[in-house]
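Chemist: This is the structure I want to talk about, given as structure tokens.
The values are calculated or read from the model by the stated rules, or taken from the named source; none is laboratory data. The structure displayed is predicted, hence computed values, not measured ones. Cβ placement follows ideal geometry from the backbone for every residue including glycine, while neighbour counts extend to all protein chains displayed. Accessible surface is based on the protein model in full, side chains and every heavy atom, while ligands, DNA and RNA are left aside. Shrake-Rupley method; radii C 1.70, N 1.55, O 1.52, S 1.80 Å.
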Amino acid sequence: MPILTLPTTPYPDQKPGTSGLRKKVTVFAQKRYLENFVQALFDVLPDAKGLTLVLGGDGRFYNRVAVQTILRMAAAKGYARVLVGQGGILSTPAVSAVIRATGASGGIVLSASHNPGGPDGDFGIKYNIANGGPAPEKITDAVFARSKEVREIRTSDHADISLDVLGTTTIDGMEVTVIDPVAQYAELMRKLFDFDAIRKLFASGFRLRYDAMNAVGGPYAKAILEGELGAPAGTVVNGTPLEDFGGLHPDPNPVNAEDLIAHMFAADAPDMGAASDGDADRNMVVGRRFVVSPSDSLAVMAAHATLVPGYRAGIAGVARSMPTSTAADRVAKALGVPCFETPTGWKFFGNLLDADKVTLCGEESYGTGSSHVREKDGLWAVLFWINLVAASGKSVETLVRELWTAHGRCVYSRHDYEAIPTDKADTLMAGLRAQLATLPGTTVAGCDIAFADDFAYTDPVDGNTSSKQGIRIGLKDGSRVVFRLSGTGTEGATLRVYLERHEPDASRHYIEAQTALQPLVQLADAVAQIRVITGMDQPSVMT
Ligand code: VG1
Ligand code: CO
């Protein structure tokens, strides 16, 4: 079959955001929209002769079409081999695991992660490099630049291949191997966790409810929890990946996973609840009638890591994204290991992990992970927690309350204002930036401001800098408010306001977070004029 060169016209809007290029399916379905982006990527990457590419996605609408298109283009690029998940399915952490285990040169993840799916929903594409992690900004910037110039698509005219049967075929001399999406990942989990102890825990009657939100986490959770660890059938709910996630918003937080929360607060609640997102890299952990904040989750994992076989030797350090609470910093300090603060997005953790500066990483947005892959990993985090429960004999709630007793509670919440007209969101951020010099030393809404800045990061490994990563306002008592605009949304702009207050007084740990954070909410509105500029009285989502 010949390789074809097809003319194309560049699109101006193919700038990757926090995690790849995400757009409405209707945008991706435009003529050669996907092809242009993939061509821009392939133009930026070196010669593919002899190299292996990993390919898979979260199964959402358009996944299968995109897989076939990319296979044909990969053949034209000259890859020796593509490993594609059966049915076109691979979770984000599984792509990372497969790249690392097979020595592939990189991988393409087809997902818009936590964004809704279906014909009217979102689609996304992301490139991961040879370490298994998201491409750094140097690459994503180059791809964007190239996408504005791309005039030719190189592809094969080979017919679609079957994605449903395991085995190898070829497209124009390129081998395509359809792999079991779970096998390699499960192998890695067996190495990290005490499967025997977890089996005993389930055998003793421990009850878990894992809500895969009709997304890609289902097959992984079913195979490992029910298949290997003896969790009863039905432990994993919403476990079959659906093209539209059954209408669910596969973002595992108490608002979108309300059904799980209802079960966890019922009279006969299971011992532990968990959920993962569209591409299974996020996790929410819930105790019986007790919601765990993702920032606390990272801190608990760091504090008890040595209870888990894969981390028995201790952790080298911890990294968290800037808006994530400082709970992990406090644990790291007590352990005598460093804690790094990075911009939002997993791509900033890659260098720290590669250089062995950190072992555990986390974000406030329900993402936790470790050096086992170069992505956040939903099921891994859930297995980590189950392993902690098994090894300590303590409940999820007790593990978190002990963290608060030892280090104080970092009371935390994120308020999202969604679908703001972009010009208004820009006005709001510009207004904040204009006040940075004058805010320190003043008192606003009863809060004494110590500092105000726009977070900038210099990567300690390669020296690359990233600026304008979020406005921070810090108070004299250590509380802080952070403002940034989302880089994953596809409708207008989303303002994220992150609120954190440290409460050392144990008698006040029971105060509900939204109540305890009210003074900071007032401060945020006073400095950013959120209600005036957006016309919104309330956040769209509070987590
Ligand atoms: C959000 C989260 C961020 C996360 C990113 C990708 O980005 O805040 O912490 O890394 O999503 O997660 P933003 O720019 O919208 O705030 V995933 O699971 O959607 O790939
Ligand atoms: Co995700």
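Chemist: Compute the label zone of residue 540 within the range 494-528: residues whose backbone N is under 17 Å from the point 7 Å along Cα-to-Cβ.
Modeler: 494-498
Chemist: To the nearest µm²/s, what D does Stokes-Einstein give for the range 194-322 at 4 °C and 1.567 mPa s, using the Kirkwood radius over alpha carbon pairs as Rh?
Modeler: The calculation lands on 84 µm²/s.
Chemist: Over the range 20-121, what number does the Rg to Rh ratio reach, with both radii from the alpha-carbon atoms and Rh per Kirkwood? Intermediate results must be reported in sequence, preceding the final value.
Modeler: Numbers: Rg = 13.1 Å, Rh = 13.9 Å.
Radius of gyration relative to Kirkwood radius: 0.95.
Chemist: Here is a further query. Across bins of 10 angstrom width beginning at 0, how are the C-alpha pair distances of the chain distributed, in whole percent?
Modeler: Percent of Cα pairs in each bin: 4, 19, 30, 27, 15, 5, 1, 0.
Chemist: What FRET efficiency comes out for residue 43 versus residue 160 if R0 is 35 angstrom and r is the Cβ-Cβ distance? Round to the nearest 0.05.
Modeler: Numbers: r = 24 Å, r/R0 = 0.70.
The computed FRET efficiency comes out at 0.90.
Chemist: Would you mind giving the average projected area, over all directions, of the Cα convex hull of the range 176-266 in nm² with one decimal?
Modeler: Numbers: hull surface 29.0 nm².
Its average projected convex-hull area is 7.2 nm².
Chemist: Using only the heavy atoms of the protein chains and a 1.4 Å probe, how would 427, 102 rank by accessible area, largest first?
Modeler: Values: 427 80, 102 45 Å².
So the residues, ranked largest to smallest area, are 427, 102.
Chemist: Tell me the accessible surface of residue 335 in square angstrom (1.4 angstrom probe, heavy atoms of protein chains only), to the nearest ten.
Modeler: 80 Å²
Chemist: Now for a different question. Run through all the Cα pairs of the range 111-230 and give the fraction in each 5 Å bin from 0, expressed as whole percent.
Modeler: 2, 7, 10, 12, 17, 18, 14, 9, 5, 3, 2, 1, 0
Chemist: Let me understand the range 386-447 better: what is its radius of gyration from the alpha carbons, and its Dmax, in angstrom?
Modeler: 20.4, 52
Chemist: I've got another one for you. When N is the residue count of the range 369-484, what does its C-alpha Rg come to as a fraction of 2.2 N^0.38 Å? Numbers along the way, then the final one.
Modeler: Values: Rg = 19.3 Å, N = 116, 2.2 N^0.38 = 13.4 Å.
Taking the Cα Rg and dividing by 2.2 N^0.38 Å, one obtains 1.44.
Chemist: Are there any trypsin sites (Lys or Arg not before Pro) in the range 455-513 that are in a DSSP loop and have at most 13 other Cβ atoms within 10 Å? List them by number. Please list the in-between numbers first.
Modeler: Working: sites: 468, 472, 476, 480, 484, 496, 501, 508; in loops: 468, 476.
Here the sparse-neighbourhood loop sites are 468, 476.
Chemist: How far apart, in nm, are the 7 Å Cα→Cβ label points at residue 30 and residue 141?
Modeler: 2.5 nm
Chemist: Moving to a separate point now. According to a simple spin-label model (label point 7 Å from Cα along Cα-to-Cβ), what is the distance in nm between residue 529 and residue 8?
Modeler: With each label point 7 Å from Cα toward Cβ, the separation is 4.3 nm.
Chemist: List the chymotrypsin sites (Phe, Trp or Tyr not before Pro) within the range 438-543 that DSSP assigns to loop and that have no more than 13 neighbouring Cβ atoms inside 10 Å.
Modeler: Details: sites: 451, 455, 457, 483, 498, 510; in loops: 455, 510.
Sparse-neighbourhood loop chymotrypsin sites (Phe, Trp or Tyr not before Pro): 510.
Chemist: At 1.4 Å probe size, with no ligands or nucleic acids counted, give the accessible surface of residue 461 in Å², nearest ten.
Modeler: Near enough 70 Å² of accessible area.
Chemist: Could I ask something else about it? Which FRET efficiency value, to the nearest 0.05, do you get for residue 266 and residue 476 by plugging their Cβ-Cβ distance into 1/(1 + (r/R0)^6) with R0 = 51 Å? Please report the intermediate quantities before stating the final value.
Modeler: Values: r = 43 Å, r/R0 = 0.84.
The pair residue 266/residue 476 has a calculated efficiency of 0.75.
Chemist: Quick check: net charge around residue 135, other residues with Cβ under 9 Å of its Cβ, Lys/Arg +1 and Asp/Glu -1?
Modeler: On the way: positive: 126, 138, 347; negative: 137.
That sum, taken over residues with Cβ under 9 Å, equals +2.
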